[in-house]
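Okay, so here's the structure we're looking at.
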Amino acid sequence: FFCVVTCMDLCEPARVEDVMLSIKNLLKLPGVRKQASWIQDEDDVIVSARSIKSGTVPVFLTSCVDGQSLDMIRKFLNLLPVRREWEVLAKLPVEVVVDKLYQKVEGTGTVVAGVVEQGC
């Protein structure tokens, strides 16, 4: 997994340090036992995407106002290894795992939400 901290432009530097320390301590907890990797440049993005399963958690500090680090998050997501062979799965019969049901949606009726596992 990875972590994205937003609204960095609205925080005082001391608060940013507190958040960074909290993330670091949370990742050290038993059952998690991971190490934070603070993403600061494109080289960090490449290294973290290649080593996503190594026990380090990439942490992006962002601002949606000025777009700080958003380009690095996009690049990171594009560099992640493929988890499924979709070309093979697309040829199988459709299978959708339904995990939400919304009843009486105004103007529509019942709506279901889920994840397509295979087929198309």
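Mind checking whether some residue in the range 76-88 is assigned to a loop (DSSP other than H, G, I, E, B), within 30 Å of residue 119 (Cβ to Cβ), among the hydrophobic types (A, V, I, L, M, F, W, C) and open to solvent by 100 Å² or more (accessible area, probe 1.4 Å)? Yes, some residue in the range 76-88 is assigned to a loop (DSSP other than H, G, I, E, B), within 30 Å of residue 119 (Cβ to Cβ), among the hydrophobic types (A, V, I, L, M, F, W, C) and open to solvent by 100 Å² or more (accessible area, probe 1.4 Å). For the range 1-49, the set of residues classified as under 15 Å from residue 60 (Cα atoms) and of a type in the set (Val, Ile, Thr) consists of 4, 5, 6, 16, 19, 23, 39, 45, 46, 47, listed by residue number. Take the range 36-59 and flag every residue that is open to solvent by 70 Å² or more (accessible area, probe 1.4 Å) and modelled with pLDDT under 90. 50, 53, 54 - these are the residues of the range 36-59 that are open to solvent by 70 Å² or more (accessible area, probe 1.4 Å) and modelled with pLDDT under 90.
Answer yes if at least one residue in the range 92-114 is surrounded by 10 or more Cβ atoms within 10 Å (Cβ to Cβ), assigned to a loop (DSSP other than H, G, I, E, B) and in contact (Cβ under 8 Å) with a residue 24 or more places away in the chain, and no otherwise. Yes, there is a match, as at least one residue in the range 92-114 is surrounded by 10 or more Cβ atoms within 10 Å (Cβ to Cβ), assigned to a loop (DSSP other than H, G, I, E, B) and in contact (Cβ under 8 Å) with a residue 24 or more places away in the chain.
Restricting to the range 1-20, count the residues that are open to solvent by less than 100 Å² (accessible area, probe 1.4 Å) and not in a strand (DSSP E or B).
So the first thing to find is which residues in the range 1-20 are open to solvent by less than 100 Å² (accessible area, probe 1.4 Å), and the list is 2-9, 11, 13-14, 16, 18-20.
From the residues that got through so far, the ones that are not in a strand (DSSP E or B) too are 2, 6-9, 11, 13-14, 16, 18-20.
The number of residues fulfilling the criteria is 12.
Would you confirm whether any residue within the range 61-70 is at pLDDT below 90, open to solvent by less than 50 Å² (accessible area, probe 1.4 Å) and over 15 Å from residue 2 (Cβ atoms)? Yes: the range 61-70 contains one or more residues that are at pLDDT below 90, open to solvent by less than 50 Å² (accessible area, probe 1.4 Å) and over 15 Å from residue 2 (Cβ atoms). Can you confirm whether the range 26-35 contains a residue that is touching a residue at least 24 places away in the same chain (Cβ under 8 Å) and open to solvent by 40 Å² or more (accessible area, probe 1.4 Å)? No: zero hits.
The values are calculated or read from the model by the stated rules, or taken from the named source; none is laboratory data. Predicted model only: the values in this text are computed from it and were never measured. Cβ: placed from backbone, ideal geometry, glycine included. Neighbour counts: every protein chain shown. The accessibility values were calculated without ligands, DNA or RNA, using every heavy atom of the protein model including side chains. Shrake-Rupley method; radii C 1.70, N 1.55, O 1.52, S 1.80 Å.
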